[in-house]
Amino acid sequence: MRESFRRFAAARARADRPAVRACLLAWGAAPPVASLLAALWLGRSALPPRLGLRAWGMRAFVRERVPGWPLGKPLPPPRHGPPCRLGDPGVAAEVADLARLLRSGRAAHDPATARLCTVLAVGCMGYGHMWKDMGLAARAELRTLLAEAAPRLAVRNTGDMRWKKFLYRELCKSEAGYVCRAPSCDRCTGRAECFGAEG
């Protein structure tokens, strides 16, 4: 295990994302989590250093999601990545509303799922496509995380709406106080910006 952690540290020092991701996969991480953590620890993610979790929550997240993480080895410090909206006025309440929305769609009411809901809510705070801001390898990885965290919510995205836009539309429908600018997606002039393939 010591040797595998040395390989991980060397790959991180070289900023070799595929090698860092491969180590995480070898330690039992699911592909989306391996992508997310590799991007975080290499500064290629708009997520904050602890994914929006407290220090103990971040350690728990890694223990839950990377079961083979070498015992006693510290988590690497993240590198600064692209900017995000965290820290802007009102953003903490926005993240809390998104996390609450995601938790309302959970199948399991356990701390691990609640932590994943928080990470996904924080993932909405970047300026680009959510899956790219989170450092995921493809949009399908975001679908996988959302289906795990909030399956009852994720299944409502029947039109393949972009996930960040979908989540905000769902907030508009909820009683969180968000006001949607378009009367409906079918009548909105920006429909093409919300649906279909993401570049």
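The values are calculated or read from the model by the stated rules, or taken from the named source; none is laboratory data. Keep in mind that this is a model prediction, so the values were computed, not measured. All Cβ positions, glycine included, derive from the backbone under ideal geometry; neighbour counts span all protein chains shown.
Of all residues in region 102-116, none that is more than 20 Å from F166 (Cα to Cα) has its Cβ atom under 8 Å from the Cβ atom of a residue that is among the β-branched types (V, I, T) and assigned to a helix (DSSP H, G or I), 6 or more apart or on another chain.
Taking the criterion of being more than 22 Å from P82 (Cα to Cα) and either touching a strand residue (DSSP E or B) at 6+ places or on another chain (Cβ under 6 Å) or buried (at least 19 other Cβ atoms within 10 Å of the Cβ) (or both), the only residue of region 114-123 that qualifies is R115. Among residues of region 129-149 that are over 19 Å from P18 (Cβ atoms), those with a Cβ under 8 angstrom from a residue that is among the hydroxyl-bearing types (S, T, Y), sequence gap 6+ or separate chain, pair up as D133/S45; D133/Y127; E148/T113; A149/T113. Between G90, G72, the distinction of being of a type outside the set (K, R), without any contact (Cβ under 8 Å) to a residue 40 or more places away in the chain, farther than 30 Å from F5 by Cα and loosely packed, with under 14 Cβ neighbours inside 10 Å belongs to G90 only. Against the conditions (1) modelled with pLDDT of 95 or more; (2) over 16 Å from L146 (Cα atoms), R65 satisfies every one except (2). Counting only helices (runs of 4 or more DSSP H) that sit completely within region 144-199, those holding 2 or more residues that are in contact with a Phe, Trp or Tyr (Cβ under 6 Å, 6 or more places away or on another chain), of a type in the set (A, V, I, L, M, F, W, C) and modelled with pLDDT of 60 or more correspond to 163-173.
Among the residues of region 75-87, those that are hydrophobic (A, V, I, L, M, F, W, C) and free of Cβ contacts under 8 Å to residues at least 40 places away in the same chain comprise L75, L86. Pairs meeting the criteria (first residue in region 26-47 and touching a residue at least 40 places away in the same chain (Cβ under 8 Å) and crowded, with 22+ Cβ neighbours inside 10 Å, second residue in a helix (DSSP H, G or I) and of a type in the set (S, T, N, Q), beta carbons under 8 Å, at least 6 apart or on different chains) are P32/T144.
Is there a residue in region 115-138 that is in contact with a helix residue (DSSP H, G or I) (Cβ under 6 Å, 6 or more places away or on another chain) and over 15 Å from L51 (Cα atoms)? Yes, there is a match, as at least one residue in region 115-138 is in contact with a helix residue (DSSP H, G or I) (Cβ under 6 Å, 6 or more places away or on another chain) and over 15 Å from L51 (Cα atoms). Inspect region 15-24 for any residue being modelled with pLDDT of 95 or more, on the phi > 0 side of the Ramachandran plot and in a loop (DSSP other than H, G, I, E, B) and give the result as yes or no. Within region 15-24, not a single residue is modelled with pLDDT of 95 or more, on the phi > 0 side of the Ramachandran plot and in a loop (DSSP other than H, G, I, E, B).
Every condition in (1) in contact (Cβ under 8 Å) with a residue 40 or more places away in the chain; (2) out of contact with any Ser or Thr (no Cβ under 6 Å at 6 or more places or on another chain); (3) assigned to a helix (DSSP H, G or I) holds for W56 except the one numbered (1).
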